[in-house]
1. For residues that are under 30 Å from Tyr243 (Cα atoms) and touching a Gly at 6+ places or on another chain (Cβ under 6 Å), tally how many sit in segment 480-525.
2. So Asp723 ticks every box in (1) under 20 Å from Pro235 (Cβ atoms); (2) among the acidic types (Asp, Glu); (3) buried (at least 17 other Cβ atoms within 10 Å of the Cβ) but one. Which box is left unticked?
3. Any residue at all in segment 263-282 that is surrounded by fewer than 17 Cβ atoms within 10 Å (Cβ to Cβ) and more than 20 Å from Ile209 (Cα to Cα)?
4. Could you please let me know if Pro176 is farther than 19 Å from Ile334 by Cα and either in contact (Cβ under 8 Å) with a residue 24 or more places away in the chain or outside the structural domain of Gly329 (by TED's automatic domain parsing) (or both)?
5. Taking the criterion of being in contact with a Phe, Trp or Tyr (Cβ under 9 Å, 6 or more places away or on another chain), crowded, with 22+ Cβ neighbours inside 10 Å, at pLDDT 95 or above and at negative phi, would at least one residue in segment 377-386 satisfy it?
6. From the set of residues in segment 175-200 that are outside any helix (DSSP H, G or I) and among the hydrophobic types (A, V, I, L, M, F, W, C), which is surrounded by the most Cβ atoms within 10 Å (Cβ to Cβ)?
7. Restricting to segment 73-96, count the residues that are touching a helix residue (DSSP H, G or I) at 6+ places or on another chain (Cβ under 6 Å), modelled with pLDDT under 95 and surrounded by 15 or more Cβ atoms within 10 Å (Cβ to Cβ).
8. Could you count how many residues in segment 586-613 are among the small types (Gly, Ala, Ser), crowded, with 18+ Cβ neighbours inside 10 Å and at pLDDT 95 or above?
Amino acid sequence: MRSFAGLFFLLLTITAFGQGPGPYALVPRPVRLEPRVGSFKLNPSTPIRLPDGQPALRALADTLIGRISRAGGPRLTVTAGSSGNPVVFTLLQDTLLGPEGYRLDIRPDRMTIEAARPAGLFYALQSLYQLLPAAVFGGTLTAPADDWSVPACLIEDRPRYAYRGLHLDVARHFMPISFVKKYIDLMAFHKLNTFHWHLTDDQGWRIEIKKYPRLTQIGSRRKETIIGHYYESEPQQFDGQPYGGFYTQEEIREVVRYAASRYITIVPEIEMPGHALAALAAYPEYGCTGGPYEVATKWGIFTDIFCPYEKTFTFLQAILTEVIDLFPGPYIHIGGDEAPKKTWKESAYVQALIKQLKLKNEQELQRHFVARIDRWVSQRGRSIIGWDEILEGSGARRLSAGATVMSWRGVQGGVTAARTGYRAIMTPSTHVYFDHYQSDRAQEPIAFGGFTPLEKTYAYEPTPADLPPAVQKRIIGAQGNLWTEYVRTPDAAEYAVWPRAAALAEVVWTPREGRNWPDFLNRLEPHLARLDRLNVRYARSLYDILAEPLPQSDGSLRVSLTAKFPGSEIRYTTDDTAPDTRSPLYTASLKLSQTTTVKAIAVRNGRVVGKVQAWTFPVSKATGRAPQPAQPLNQPREAAAAWLTDGQYGTVVGYPAEMRGVAGIRGRDLDLTLDLGTVQAVQQVRLGLVRATIAGVLLPSGVEVAVSEDGKAFRTVLTQPMDPRQRGRKEIVRQTLAFTPVRARYLRIVARSIGTVPAGLPIAGKPAVLMVDEIEVN
């Protein structure tokens, strides 16, 4: 028996990757990989040897045999014979390997796969698949049928964290069993071991509960769904189409078995006390008002939550009894997040209960609610997980020692939990929420909001270095989350998750010292070819082109293009055609003397690897000449007048707070003076005006344009009335203001504010905001 050296898991064999990944492009990166000369060749006479009486090992061997055979490779067999160069599976006693570690010893005459437990052997196979010819992942055979060789090497590996999770919300948008299985397959391939299945929420109840059939008869269906982003239109628009779906208990058992065969534990989530509208629509007696309630048709946080009646606890415990029977894993997730207390504050029963329990407030009552469910679950041999809100309510009943906190509102919840003695799983929305944008949001599918590019996920460190070692040990892992408000299909889910989940897989598997972003990119590129063969519709944002315009003193623009992936060629066009490998090669910044649409793609090894990106850069007499505001711009706080003539259009995609490149003022006229530098002929002003009535950003009541040769005496050349009460989609309304040609050096543009948001519009009575995008003068 061999074992690791004492410092093994702190040291890495850097030479394996130092000159590029070569044949060893493994994701996640193993703790140690030592290249060797030669290769091990698989052929029909290659025997597989197993210890007797190990059905789990036979199942793993059969998986390997089947995968190679289906891909057109040699048909291997399990045999006890001694002839041939064997593949040997071995279980051994090695405490340093741990329950999921493995050793893969590949020599030209023998391949040995060793682990302390079958899970380790399973993960060894995931690494072996990445060393085999690409045909093992399906698609067209690229290697001759008799050339199934594995590069010789020694890999010694084990995970950094015990909990390596990926979440899927099926309440907002239902995902079929076939996709859930594929999701699990991809998790297992990346050595993730916990599937967090978000089964209930305001918009749908997705799990059959025999005792309460109306949960799926009523709670699994909503009458319609909001169209577009929550803040896209005012009033909000709906599709009028009934939507629903749920999993039968037999389907769930099937998925549980499927996951277990891939060494993945499923954590089911049953939300409480908030996010309960779907359940209350089916059983209104468990809400404080008694209803009627309706399954939510849009997203957000709703005030109707479970009421803490005794009958409510009986109801929830009966549900959890069936859930526990379906899911054999150690954890039951009970939510606990985003539970407004409005109905509790207004309920005489709840207020009397607070006094009876000698609690201070509704927040402590939620802690009491969670603690009661926690105690009930722990008495049945399971442990709860809850979002970090379950820690709130100081002085109330403590949670059981087995409770685990999932920290999503940053990292502080997890740190507090670990310091308090609870286990913590880090899942901060800033780094591992895969429903966030990952590229230029103006060219991305609709997403929740935020911005989490691949490199940000990879840079995440789950365990703060300044915590004491005993506290660090309570941070048991990290998890990526996919909320599906704006993820309607399996393809959209894969686009959102991959390859960001591959980056997270390396974060939670590889030692901190072994992570290196350039090295990861080098290994990720061949890994994406594997995902292609597995028919994964991943995002290609790592191949994005970044475009930056810089105004020049002569009024032109210089546009610089940069490829995010080092070493990529950039091919571009400026004639509105789609670029390809034959388009001009970008070698220096582009000089634009007129408004131009630039399109670009990334090319590697003669092949297009990224998506076509397009930007329209406005060039006019105003370009690069920052207007002077009569009053400081304050929307957003960091607003700069230079944004309004910088040669790039703004965007209003996503939440109102995430609008980019637009600037304005609250509660007063927007008064801007523009100096063109010389007296010249002008006849048109074009500017973008933001309409986002849901956030109180209104069109002006009118726009005035005045001109001057000396900057002192101005005369009005145009007054354009507008309708600030106009509703509709959130957008930038590009207004062209044409007038009889005049000669001028200075222009004064005044957008007249309506003052306050009128009655009948959202946030009526608040100061109205005026926001302006690019100003163009011709």
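The values are calculated or read from the model by the stated rules, or taken from the named source; none is laboratory data. The model shown is predicted, which means the values in this text are computed figures rather than measured ones. Glycine also receives a Cβ, built like all others from the backbone with ideal geometry; neighbour counts cover every protein chain displayed.
1. The qualifying residues number 1.
2. Single failed check for Asp723: (3).
3. no
4. yes
5. Yes; the residues of segment 377-386 include at least one that is in contact with a Phe, Trp or Tyr (Cβ under 9 Å, 6 or more places away or on another chain), crowded, with 22+ Cβ neighbours inside 10 Å, at pLDDT 95 or above and at negative phi.
6. Taking the candidates together, the pick is Leu192.
7. 2
8. Looking only at that region, the number is 2.
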